[in-house]
1. On the given criteria, is residue 47 under 16 Å from the mean Cα position of the chain (by Cα) and under 24 Å from residue 136 (Cβ atoms)?
2. Having 1 or more residues that are touching a residue at least 12 places away in the same chain (Cβ under 8 Å) and β-branched (Val, Ile, Thr) is the bar; report the strands (runs of 3 or more DSSP E) wholly within the range 252-318 that clear it.
3. Of the conditions (1) over 20 Å from residue 56 (Cα atoms); (2) crowded, with 19+ Cβ neighbours inside 10 Å, residue 288 clears all except one; give me its number.
4. Can you find even one residue in the range 47-56 that is over 28 Å from residue 281 (Cα atoms), part of a loop (DSSP other than H, G, I, E, B), out of contact with any His (no Cβ under 9 Å at 6 or more places or on another chain) and open to solvent by 30 Å² or more (accessible area, probe 1.4 Å)?
5. Which of the numbered conditions does residue 213 fail, given that it passes all the others? Conditions: (1) surrounded by 17 or more Cβ atoms within 10 Å (Cβ to Cβ); (2) modelled with pLDDT of 95 or more; (3) out of contact with any Gly (no Cβ under 8 Å at 6 or more places or on another chain).
6. Can you go through 11, 25 and tell me which one is closer than 19 Å to residue 348 by Cα and in contact (Cβ under 8 Å) with a residue 60 or more places away in the chain?
7. Residues that are at negative phi and surrounded by fewer than 17 Cβ atoms within 10 Å (Cβ to Cβ), at least 1 per element: which strands (runs of 3 or more DSSP E) completely within the range 93-176 meet that?
8. Counting only residues that are within 19 Å of residue 397 (Cβ to Cβ) and of a type in the set (Val, Ile, Thr), how many does the range 348-376 have?
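The values are calculated or read from the model by the stated rules, or taken from the named source; none is laboratory data. No experiment lies behind these values; they were computed from the predicted model shown. Glycine gets a Cβ as well: all are built from the backbone with ideal geometry, and neighbour counts include every protein chain shown. For accessibility, only protein heavy atoms count, side chains too; no ligands or nucleic acids. Shrake-Rupley method; radii C 1.70, N 1.55, O 1.52, S 1.80 Å.
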Amino acid sequence: MSKILHIVGGGMAGSEAAWQAAEMGVDVVIHEMRPKVETFAHKTGNLGEMVCSNSFRSDDSEQNAVGLLHWEMRAANGLIMTTADKHRLPAGGALAVDREPFSETVTQTLLSHPRISVSYEEIASLPDSGNWIFATGPLTSTALGRAIQSETGSEALAFFDAIAPIVYFESIDMSRAWMQSRYDKGETEEERTAYLNCPMDRQQYEAFIDALLAADKAEFHEGETAGYFDGCLPIEVMAERGRETLRHGPMKPVGLTNPHQPDVKAYAVVQLRRDNALGTLYNIVGFQTKMKYGAQTDVFRMIPGLENARFARLGGIHRNTFLNSPTLLDSQMRLKSKPNLRFAGQITGVEGYVESAAMGLLAGRMAAGEILGRPVETPAPTTAMGALITHITGGADAKTFQPMNVNFGLFPPVDGLRGGRRGRKDRYKAYTDRAKTDWQNWLSQFENAEMTATS
């Protein structure tokens, strides 16, 4: 059997898988169709390009499941987390990055690795031989999607994902907006002022909702259904669920005080987060949208402070595909009908940059271990990565399987702890303490096998 690992897709999962396998001593070829074959969302041919938000979400490894996932990836010498830390931007308690230098660094790091090469081509079929990881993400090409569907004998599940717009900072009216993280969260002044806030009174909010509901929106092609992932709903879909939905979601006014009118409580607040290190670009937090471009500019300029906003990028909607992984993949992320093929990233049914990269990390190590003749154990379900892989490869109900972010609901309970909201802090700390111990134990198999990857 060939000792080369082929990885299809150079996004978060593919990049992480390549790095992990190469660090273990395996030669890797990344097959990336961009920039020869473009997608709706990508703008460059770089590896690890961020196409939606620039946030990796919470970095709290004691009280948040995604923060715990950050911790596990750092402990495993993860490329994506190491690079994110290098290009970190102020974002309160979250980990946000400067997207362009982030992807440039990921690309340069992989290209300079002596065991990694990149082949810029589209892979349109499923190979019968060799060692492969398919990490083609939510925008898997039509040809490859058909090949996967033909092999699995089932319809590819689909949902629709939307991208939030990005605004030039210089076009924002700071006499109406102000800088503040919710509840002044953060250890430094820069962190405590990481978000730009635009307040609305009730009349402005109601007019905004009316305009949102009436705006022209993207139409779906025949045969497509609008099955959205709840963690990334377009704002107009949220508004359709109830006029107060946005005010209790991305536009919630809590934890903020307007210095221009400190005695006036805003009815709703639109937040923007820095999108690059220079601070020249800000993305509108939680404002994924399927509105047509002309409607977007009209509606978003109704937001106080954005009346004269200029947009570096408008929002958009695209189709995401993912496997029915509980039916199709084994516990090592191998396709049951073709065990020489593994899948990783969003196509497996995880949602989010970090979760995708984490599944790449596992797939890369598992594939490398198999090639080297040193099989890699699946991590315990008490760890963040173990909880995710357990969920997608059998823990979830195949009939209702939907994309999933990491969350403590996927973890086995810790005995003897108080339930409910009052016991949540102690419970989450117990989850993360247990996970860190079990993750270090999982990493020890690589030290014992004298593999080059380190924790």
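1. It is true that residue 47 is under 16 Å from the mean Cα position of the chain (by Cα) and under 24 Å from residue 136 (Cβ atoms).
2. The strands (runs of 3 or more DSSP E) meeting that bar are 268-274, 281-284.
3. It fails just one condition, (1).
4. No: zero hits.
5. It is condition (1) that residue 213 fails.
6. 11
7. Answer list for the range 93-176: 116-120, 157-163, 166-168.
8. So the answer is 2.
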